[in-house]
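J.: The following block contains the structure, expressed as structure tokens.
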Amino acid sequence: MLAAILFYINSNLMLLFDRSSIELHQLELAQVTGIEKIVASENTATIALVLVAAGILGWGFYRAKSLGKLGILAWLQSVVLMSPWLLFFTLFAAGIYLNLVAVMFMLVASTGLYIYLGRKLRSAASDETARSRPEKIESASRSDENSAREPESDRMAEPIKIVTRMPADDRPETIPVPLEDLKAIQGIFGIDTFFATETIPYQNGVIVKGNLRGDPEQTYSRLSAALQAKLGDRYRLFLVENQDDKPVVIILPSTSDPQPTTVSQKILSAVLLLATIVTSLETAGLLRGLDFFNSPDRYREVLPIAAGIWAVLGAREIGRRVMASRYKIPLSWPFFIPTWQIGSFGSIDRFEALVPNRKALFDIAFAGSAAGGIVALGMLLTGLLLSHPGSLFQIPAEFFKGSVLVGTLAKVVLGSALHQQLVAVHPLAVIGWLGLVIVAINLMPAGQLDGGRIVQAIYGRKIAGRTTLATFVVLAIAALVNPLALYWAIVILILQRNLERPSLNELTEPDDARAALGLLALFLMVAALLPLTPAVAGRLGIGN
């Protein structure tokens, strides 16, 4: 699917870059029998998709029953998220087409119900935790009483078992933490927070295994405060899940914190910024039908278009940095990624401090994409509203088939003008669509891109790792037909392949409102990149 998306993007942009090809471009009308076959095949595929989705929901309900009320509530959340699309595609296959207002109403209703069910789910989980917590404390208390009755010689000198690992040379690996610090670390744990059972070495610190006894957020606050009271700012406490999905505490020295941007990295950032300015000017020149390098004196013609691209890039940076400053997380200098096709692929920012929790990770990633997306969408809508028969750009109607989002908005604003082979549009519409492409590409769920950080914040590191691998596979397939996909895959592989490091409190998940916003962002990413099918474009009257 992504191969088709990028093929449509690249082909449509190349139509814009070559004005002569736009003027010579001729659209062929499909024969009636061919259209009927396309419609029939798409309806069959739609019905099959609906049946598969229904089967997945049924299988999910079968598995959720064994988990009781919590499982049913979680399953209902999945149903709520999928129901608008199931209803839309079912009606579509039946020949009933919903307008944009009806679709948006279903999305808003689905989001509200999703948040309501999430609150019920969290309330039920809290009640179950409250019921089980006294039993755990009573059991642990009995264990402590039994150990107290044992002779002093039979009890361990330390309350927490220290486990060492045996490397290849058969020599035990000692705990890489001074004994005084280790005793202080062991002293922060308690029966009402995290009941520690053993300590094992890990990198320059330790992993403490045990049982989580309280709310993750409150437990982390109490443990980190106790650690700082005993050892100051010398260590960092992470509350994460191990490979067995059980909570563990990791203690690492503060020397392992992210480092500030070096001088060489700042120089690289400045060079990439200059390169992005140059590529943006050249892209603007190609859109105007001239080569900026050969005609630098015509900078006044290309500067407004380049400024529109810079506005989207700047909005992303400002939104991201404003949100990061709220959490007191410094960011590195931005590393812009220049490209000739659309001016820039966006920028890469590195955290120069540890992220406190997954909520902060989500907010920073979402803020940048939201700011850039709002600016780009605003320019697109303004450009469509300002479009008239004498507008600067004459674009083939096929251009609007390259994006579900752009094609739908263009149909709502331009109406019957899309029936023509060439559509006159204001430059802001083109710049806005390029900006949406920049934002959407960075919302791909891979590595440390905004989309990868959003998925990691909502669903955790395991799911984020799987979506990163899936994105690589899809981009590799897309690269067979489009070199743009290969370029972007190489950029991600070299610079953004790794997930963001764990947050200090990795157990506390973002609330349902953030989860809904994250899903909305991912949906808009797909809508911006996914092309319209010929049958849907024909029903919308694009190019006919």
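J.: Which ones in region 256-269 are assigned to a helix (DSSP H, G or I) and surrounded by fewer than 17 Cβ atoms within 10 Å (Cβ to Cβ)?
T.: Answer for region 256-269, where residues must be assigned to a helix (DSSP H, G or I) and surrounded by fewer than 17 Cβ atoms within 10 Å (Cβ to Cβ): Ser256, Val263, Ser264, Gln265, Lys266, Ile267, Leu268.
J.: Does Gly452 fit the bill of being open to solvent by 10 Å² or more (accessible area, probe 1.4 Å), assigned to a helix (DSSP H, G or I), small (Gly, Ala, Ser) and modelled with pLDDT of 85 or more?
T.: no
J.: So, in region 348-363, of the ones that are outside any loop (DSSP other than H, G, I, E, B) and touching a strand residue (DSSP E or B) at 6+ places or on another chain (Cβ under 8 Å), which residue ends up nearest to Arg514 (Cα to Cα)?
T.: Arg358
J.: Hey, any hits in region 417-427 for a residue that's part of a loop (DSSP other than H, G, I, E, B) and modelled with pLDDT of 85 or more?
T.: Looking through region 417-427, at least one residue is part of a loop (DSSP other than H, G, I, E, B) and modelled with pLDDT of 85 or more.
J.: On the given criteria, is Phe335 within 30 Å of Pro502 (Cβ to Cβ) and open to solvent by less than 30 Å² (accessible area, probe 1.4 Å)?
T.: It is false that Phe335 is within 30 Å of Pro502 (Cβ to Cβ) and open to solvent by less than 30 Å² (accessible area, probe 1.4 Å).
J.: Taking Gln259 and the conditions (1) closer than 16 Å to Gln341 by Cβ; (2) touching a residue at least 60 places away in the same chain (Cβ under 8 Å); (3) out of contact with any strand residue (DSSP E or B) (no Cβ under 9 Å at 6 or more places or on another chain), which numbered condition does it fall short on, given that it satisfies the others?
T.: For Gln259, the failing item is (1).
J.: Right, here's the next one. For the subset of region 532-543 comprising residues that are assigned to a loop (DSSP other than H, G, I, E, B) and over 28 Å from the mean Cα position of the chain (by Cα), which member is surrounded by the most Cβ atoms within 10 Å (Cβ to Cβ)?
T.: Within region 532-543, the match that is surrounded by the most Cβ atoms within 10 Å (Cβ to Cβ) is Ile542.
J.: Give the residue that is most open to solvent (accessible area, probe 1.4 Å), with candidates limited to residues of region 284-303 that are in contact (Cβ under 8 Å) with a residue 12 or more places away in the chain and touching a helix residue (DSSP H, G or I) at 6+ places or on another chain (Cβ under 7 Å).
T.: Applying the filter and picking the extreme gives Arg288.
J.: Let me ask you something else. For region 402-433, which positions are closer than 13 Å to Ser387 by Cα and without any contact (Cβ under 8 Å) to a residue 24 or more places away in the chain?
T.: Correct list: Gly415 only.
J.: For region 232-255, give me each residue that is in contact with a strand residue (DSSP E or B) (Cβ under 9 Å, 6 or more places away or on another chain), open to solvent by less than 40 Å² (accessible area, probe 1.4 Å) and over 18 Å from Glu198 (Cα atoms).
T.: The answer is Tyr235, Pro253, Ser254.
J.: Next question. State whether the residues of region 382-396 include one that is closer than 22 Å to Ala535 by Cβ and free of Cβ contacts under 8 Å to residues at least 24 places away in the same chain.
T.: Checked against the condition, which is being closer than 22 Å to Ala535 by Cβ and free of Cβ contacts under 8 Å to residues at least 24 places away in the same chain, region 382-396 yields no hits at all.
J.: Does region 338-347 include one or more residues that are out of contact with any His (no Cβ under 9 Å at 6 or more places or on another chain), of a type outside the set (Gly, Ala, Ser) and in a helix (DSSP H, G or I)?
T.: no
J.: Quick one: in region 436-447, of everything that is within 20 Å of Lys411 (Cβ to Cβ) and open to solvent by less than 10 Å² (accessible area, probe 1.4 Å), which residue is nearest to the chain's Cα centre (by Cα)?
T.: Ala440
J.: Let me ask something else about it. What are the pairs with Cβ atoms under 6 angstrom where one residue, in region 358-379, is open to solvent by 20 Å² or more (accessible area, probe 1.4 Å) and the other, located anywhere, is modelled with pLDDT under 95 and not in a helix (DSSP H, G or I)? Sequence gap at least six, or different chains.
T.: Lys359/Pro510
J.: Taking the options Gly190, Gly205, name whichever one is under 35 Å from the mean Cα position of the chain (by Cα) and more than 19 Å from Thr508 (Cβ to Cβ).
T.: Going through Gly190, Gly205 in turn, just one is under 35 Å from the mean Cα position of the chain (by Cα) and more than 19 Å from Thr508 (Cβ to Cβ): Gly205.
J.: Additional query: Quickly run through region 181-204 and pick out the residues that are of a type outside the set (S, T, N, Q) and not in a loop (DSSP other than H, G, I, E, B).
T.: Correct list: Asp181, Leu182, Lys183, Ala184, Ile185, Phe194, Phe195, Ala196, Glu198, Ile200, Pro201, Tyr202.
J.: Go through region 486-531 residue by residue and tally those that are modelled with pLDDT of 80 or more, among the small types (Gly, Ala, Ser) and surrounded by 18 or more Cβ atoms within 10 Å (Cβ to Cβ).
T.: The total comes to 6.
J.: Shifting gears a bit: For region 331-352, what are the residues that are of a type in the set (Gly, Ala, Ser) and under 20 Å from the mean Cα position of the chain (by Cα)?
T.: Once the filter is applied, which keeps residues that are of a type in the set (Gly, Ala, Ser) and under 20 Å from the mean Cα position of the chain (by Cα), region 331-352 yields Ser332, Ser344, Gly346, Ser347.
J.: Here's a follow-up. Of the conditions (1) touching a Gly at 6+ places or on another chain (Cβ under 9 Å); (2) within 30 Å of Glu506 (Cβ to Cβ); (3) surrounded by fewer than 22 Cβ atoms within 10 Å (Cβ to Cβ), Lys462 fails just one. Which one is it?
T.: (1)
J.: Note down all Cβ pairs under 8 Å where the first residue falls in region 323-348 and is over 13 Å from Val437 (Cα atoms), the second is surrounded by 21 or more Cβ atoms within 10 Å (Cβ to Cβ) and among the basic types (Lys, Arg), and they're at least six residues apart or on different chains.
T.: Close Cβ pairs satisfying both conditions: Leu331/Arg320; Ser347/Arg316.
The values are calculated or read from the model by the stated rules, or taken from the named source; none is laboratory data. Please read these numbers as outputs of a predicted model, since none were measured by experiment. Cβ atoms come from the backbone with ideal geometry, glycine included; neighbour counts cover every protein chain shown. Accessible surface areas use protein heavy atoms only, side chains included; no ligands, DNA or RNA. Shrake-Rupley method; radii C 1.70, N 1.55, O 1.52, S 1.80 Å.
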